[in-house]
1. Which condition does VAL128 not pass, out of (1) surrounded by 13 or more Cβ atoms within 10 Å (Cβ to Cβ); (2) at pLDDT 70 or above, if it passes all the others?
2. Any residue in the stretch 155-170 that is in contact (Cβ under 8 Å) with a residue 12 or more places away in the chain and open to solvent by 40 Å² or more (accessible area, probe 1.4 Å) sitting within a Cβ distance under 6 Å of a residue that is outside any strand (DSSP E or B) and of a type in the set (A, V, I, L, M)? List the pairs, counting only those 6 or more apart or interchain.
3. Quick check, is ASP166 within 18 Å of TRP26 (Cα to Cα) and at pLDDT 65 or above?
4. Restricting attention to the stretch 206-224, does a residue exist that is open to solvent by 90 Å² or more (accessible area, probe 1.4 Å) and either modelled with pLDDT of 95 or more or part of a strand (DSSP E or B) (or both)?
5. I'm told LYS54 meets every condition in (1) assigned to a helix (DSSP H, G or I); (2) loosely packed, with under 15 Cβ neighbours inside 10 Å except one. Can you identify the failing condition by its number?
6. Using the structure shown, decide if LYS110 is at pLDDT 70 or above, out of contact with any strand residue (DSSP E or B) (no Cβ under 9 Å at 6 or more places or on another chain) and open to solvent by 70 Å² or more (accessible area, probe 1.4 Å).
7. Restrict the check to the stretch 67-81 and report whether at least one residue is surrounded by fewer than 17 Cβ atoms within 10 Å (Cβ to Cβ), at pLDDT 90 or above and outside any strand (DSSP E or B).
Amino acid sequence: MRKHILIIAILLLTLFGCVHYEEELWLNRDGSGKAKLVLIHRSANENPDEILKKAELNGIHLQSYSIKRNGPNVIYNVQFKFDSIEAFNNVNDQVGNADFWGKITLNKEKGRRITFKRRISLGDQEDVDDFEMLMRSTITDHPTWSYKIHLPWKIISTNAEEANIDRNGRTITWNYDTEQLWNKTEYMTIELEKPFPWLLVVLGGIIGILVIFSLFWLMRIARSSHLLDWMHHKNSDS
């Protein structure tokens, strides 16, 4: 029981030490992309080792990072590229129910449709004991988490608020208050549509025309050749 209480206490203090999380994600058509993170954490110590550790993961390429202090808060700014959705998901190697990084899935559907889904969660999804409720009641400053994504395809539908959707710019933003997320799993969902491949259609048409044109001239050349042979034989017989 004491061990259980200690684990919960550490988890809560770690989570609520994070007073702000802001993420901006650029997704490419092949599943690669880049990300920019701002994490404000209430701590007496800076921790660059954790950032450098993540940068060594396969498919992750650290571009820049900075660590600054503002009173009791440590501000982390990190920018990196990733080779695939799998590489992005693997940045989070934490085991537990508290997961603001979450997991992204990107699936191809029928036609030109693509579905994007990201799951995040906070706290235990089952029973909440008295100690956990007590710890929650002592927290007055709930951190905010903000997620913004730039998409390579047309937005068809999403569960984000309409005010946070830029359909022309193909960007969507979700904002969460951790108090509302406690003991809850949240999903960011998007339905997307790839553009019609007009370029391929045009190129296919041009290639088809060239093939027909080439066959036409080959047939004309062949007919001309047969005509010349016939005339030559006729002249020879004469």
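1. Here VAL128 meets the rest and fails (2).
2. ARG170/LEU151
3. For ASP166, the condition - within 18 Å of TRP26 (Cα to Cα) and at pLDDT 65 or above - is met.
4. No, there is no match, as no residue in the stretch 206-224 is open to solvent by 90 Å² or more (accessible area, probe 1.4 Å) and either modelled with pLDDT of 95 or more or part of a strand (DSSP E or B) (or both).
5. Looking at each condition in turn, LYS54 falls short on (2).
6. yes
7. The answer is no; no qualifying residue exists.
The values are calculated or read from the model by the stated rules, or taken from the named source; none is laboratory data. Keep in mind it's a predicted model, so treat the numbers as computed, not measured. Glycine also receives a Cβ, built like all others from the backbone with ideal geometry; neighbour counts cover every protein chain displayed. Heavy atoms of the whole protein, side chains included, go into the accessibility calculation; ligands, DNA and RNA do not. Shrake-Rupley method; radii C 1.70, N 1.55, O 1.52, S 1.80 Å.
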